[in-house]
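Worksheet for the structure shown next.
Derivation of every value follows stated rules applied to the coordinates shown; laboratory data play no part. No experiment lies behind these values; they were computed from the predicted model shown. Cβ: placed from backbone, ideal geometry, glycine included. Neighbour counts: every protein chain shown.
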Amino acid sequence: MSLTPGLRKELGFLSISAIGSGLVGWLLGRLPEVLLISVILYLVWHLQQIIRLNLWLKEPKQHKKPYAVGIWSAVLAAIESLRERGRKRKRKLGRMLSGFQESTNALPDATVVIDSSGEMEWWNVPASEMLGLNRKRDKGRKIDQVITDRVFLKYLAEGDYLRPIQIPAPVDSGISLEVRVVPYGKGKRLLQARDITRLHQLETVRRDFVANVSHEMRTPLTVIHGYLETMGDSDDPSLADWQHIFGQMRQQTVRMQRIVGDLLLLSRLETSQGEGGQTVVDVPDLVKSLQQEAINLSGDAKHRITVDIDEELWLFANPDELDSAFSNLVFNAVRYTPAGGGITLQWVLTESGPCFTVKDTGIGIDNEHIPRLTERFYRVDVGRSRQSGGTGLGLAIVKHVLTRHNGALRIESEPGEGSIFTCSFPGSRVREAESGTVSAVTKT
Ligand code: ADP
């Protein structure tokens, strides 16, 4: 083992002391006692050095450091070098942290760091402005005491952060925020908020415009349709040559009335928020009535329309919205399946939750169209859709209704073979059949 300079000094000091005290002991004729006393003194010296070291390490500013003698000079030099390295690392981390804070402060979006107990640890300048945070007052406060919006509290509690939410800013309800929570580390969360007031206003203008135009068109269309019917029923010989034209005009007004109706329904679905109007729905009864309506619609085409229903499976949902969504799928199946084809309506509980499935042996859909089918007015074959009375809005309505019920639409199809449309709902919406309850679906 090679001796370090400190250890060498210490051993030198120890040897001199041993020789010195040996000599003194020999001269006094009390060698053991003198040697014992010098060992005790040596130990006391090191003990007081250890006590000084302990105090100095704990509070370096208030206590003096041990004497840098012998081995202690090496120990103290090593401690100083460790401390210097620590100081350098701290300075580097400090520089990195302030660089990070400067860059997040420069971002237009609000960022808040939330610890595992929901308390706010740090936030950037835009967060102070958007959420009205004050560094002195709010550090360590819980985020749910700052943002108390009901939608946000639900979002935070449920922990399903895949989709962002839209809420009014806590400082000004006229400002719309898009808020997203991102979990990271051990139970930590990062909250991001973006000012989407302008986007929100544009969206509102668009929605109101469509709703107003549709609403305004309703009355003139009813009047025109009424007159056309009257003229169509007239026995006046001077109108005889016009009957064919009147018939076509009537057809077009019916089509426009359907479009207006669907547009109004879509804008209602977009504007109404929350779970208003939701109740326990007797879905088996709804599916059976849809089967009957599908048979009526099929008429001479004589489709084979069968059902497979779990009679005990009811659902917590909005009955009218459910009726709109399911009937769109069922009527589509009738309209896009050639005469004599088969259609199955299924309502069962699967592993992924309750599912309503419409399966047909119809014309099918090419794969390339499937991702776009739920867009408004998207049709694979515009002519065919119009001819069969389609508005191009049916699947958009289905998608909206399912989103409002935390559900999803799955479309599988094979051209020339048929299609399967599946509406799946979360298991939490399942309710048991109530005996003696009247169907909750109201037909308009
Ligand atoms: P439309 O009123 O035109 O039927 P939808 O939104 O209901 O509008 O459907 C969009 C398009 O999806 C339809 O135009 C049609 O091309 C296609 N489609 C929907 N359902 C079926 C089906 N069961 N079989 C084949 N194609 C379908």
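The calculated FRET efficiency for the pair Glu84 and His63, based on their C-beta separation and a Förster distance of 22 Å, comes to about 0.70.
When the charge dipole of the chain is built from unit charges on Cβ atoms (+1 for Lys and Arg, -1 for Asp and Glu) and taken about the Cα centre, the candidate among Ile16, Tyr336, Ile167 whose Cα reaches farthest toward its positive end is Ile16.
Across the chain, Cα-Cα distances exceeding 36 Å account for 57% of all pairs.
The ranking of Arg304, Arg85 from fewest to most other beta carbons within 10 Å of each one's beta carbon is Arg85, Arg304.
Here Thr4 and Lys136 are evaluated by their C-beta separation; at R0 = 51 Å the FRET efficiency comes out at 0.50. In terms of surrounding Cβ atoms within a 10 Å radius of their Cβ, Ser419, Ser352, Ser117 rank from fewest to most as Ser117, Ser352, Ser419. When the chain is treated as a GNM with alpha-carbon contacts under 10 Å, the residue of Gly390, Gly20, Gly277 showing the greatest mean-square fluctuation is Gly20.
Using only alpha-carbon positions in the range 16-110, the gyration tensor eigenvalues give semi-axes of 54, 12, 7 Å once each is multiplied by 5 and square-rooted (largest first). Springs join every pair of Cα atoms under 10 Å in this Gaussian network model of the chain, and among Gly427, Gly29, Gly392 the largest mean-square fluctuation is at Gly29. Put in line by how crowded their Cβ is, counting other Cβ atoms within 10 Å and starting with the fewest, Val348, Val151 read Val348, Val151. Computed over the chain with a Gaussian network model linking Cα atoms closer than 10 Å, the most mobile of Asp208, Asp241, Asp172 is Asp241. Using all C-alpha to C-alpha distances in the range 199-271, build P(r) with 5 Å bins and read off the rounded percent in each one. Distribution as computed: 3, 16, 20, 17, 12, 10, 8, 6, 4, 3, 1, 0 percent. Which is farthest toward the positive dipole end of the chain among Thr230, Ser38, Thr111, measuring Cα position about the Cα centre, with Cβ charges +1 (Lys, Arg) and -1 (Asp, Glu)? With unit charges placed on the Cβ atoms, the residue in question is Ser38. Measuring r between the beta carbons of Glu417 and Asp300 and using R0 = 22 Å, the FRET efficiency lands at 0.40. In this label model, Arg91 and Tyr42 are separated by 4.2 nm, measuring between points 7 Å along each Cα→Cβ vector.
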